[in-house]
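Each remark here refers to the structure printed beneath this line.
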Amino acid sequence: MNLFGIAVDTHAKRISNRLGLSNNTDPNKIEQDLLKIIPKKYYKDVNHLFVWHGRNICTARNPKCNNCPIAKFCKFYEGC
Ligand code: SF4
C-alpha cells in the first residue's frame, strides 16, 4: 500500500475476490485492481468497510449471504 493506496488485509482480500472486484490473490495486485475501480475520495474509508463487512456479514466461514445488502453485486452469491 502506498500513501494514497488501499490497505488489503484478509477481509479486503476475501471480499474483493468474492465480489469479483479482483481475481488476484496477491494483496498488492488486489490493491492495484481496487485502485482502478474505487474513486480516490473513498480510499481512506474502504478498508474500514471491508473489515466491518468481513466481521459481520461476509465472514470467512459461513458468510451470511441471505442477509447481505450487496448480494446482488456478488459473483460468489451468483454461484450459490
Ligand atoms: S453475498 Fe455473501 S459472499 Fe457476497 S459479499 Fe455478501 S456475504 Fe459476502
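For the chain, what does the helix formula give at 222 nm: sum of -39500 (n - 2.57) over DSSP H segments with n ≥ 4, over the residue count, nearest 500 deg cm²/dmol?
-14000 deg cm²/dmol
Sort 21-30, 63-72 by the packing proxy (mean of other Cβ within 10 Å over each peptide's residues), most packed first.
Averaged packing, sorted descending, gives the order 21-30, 63-72.
Among 31, 78, what is the fewest-to-most ranking by other Cβ atoms within 10 Å?
Lowest to highest Cβ neighbour count: 78, 31.
Among 22, 4, 49, pick out the residue whose Cα is farthest towards the positive end of the charge dipole of the chain, where Lys and Arg carry +1 and Asp and Glu carry -1 on C-beta, about the Cα centre.
49
Charges on Cβ only, +1 for Lys and Arg, -1 for Asp and Glu, centred on the Cα centroid of the chain; of 58, 69, 38, which one is farthest towards the dipole's positive end?
Toward the positive end, the furthest listed residue is 69.
Assigning unit charges at the beta carbon (Lys, Arg +1; Asp, Glu -1) and nothing else, what dipole magnitude in debye, to the nearest 20, does the chain show about its Cα centre?
So the dipole magnitude of the chain works out to roughly 160 debye.
Provide the gained length on full extension for the span residue 60 to residue 72, in nm with one decimal, where the gain is 0.36 nm per separating residue minus the Cα-Cα distance.
Full extension from residue 60 to residue 72 adds 2.4 nm.
What span do the alpha-carbon atoms of segment 10-78 cover on each of the three principal axes, reported in whole Å from largest to smallest?
In descending order, the Cα extents are 30, 22, 21 Å.
Under 22 Å between C-alpha atoms is the cut-off here; go through segment 10-78 and count lysine pairs that meet it, provided they're at least eight residues apart or on different chains.
Lysine pairs, 8 or more places apart or on different chains, close enough: 17.
Under a point spin-label approximation (7 Å from Cα along Cα-to-Cβ), what is the residue 45-residue 9 distance to one decimal in nm?
Going from the residue 45 label point to the residue 9 one covers 1.9 nm.
Convert each backbone phi in segment 42-52 into a coupling constant with the Karplus relation 6.51 cos²θ - 1.76 cosθ + 1.60 (shift: θ = phi - 60°), then list the ³J(HN,Hα) values in order as whole Hz, x for Gly and Pro.
My calculation for segment 42-52 gives 9, 3, 6, 9, 5, 5, 4, 5, 4, 5, 4 Hz in order.
Every number in this text was worked out from the coordinates using simple rules, so none of it is lab data. Predicted model only: the values in this text are computed from it and were never measured. Cβ coordinates were reconstructed from backbone atoms using ideal geometry, including for glycine residues, and neighbour counts include every protein chain displayed.
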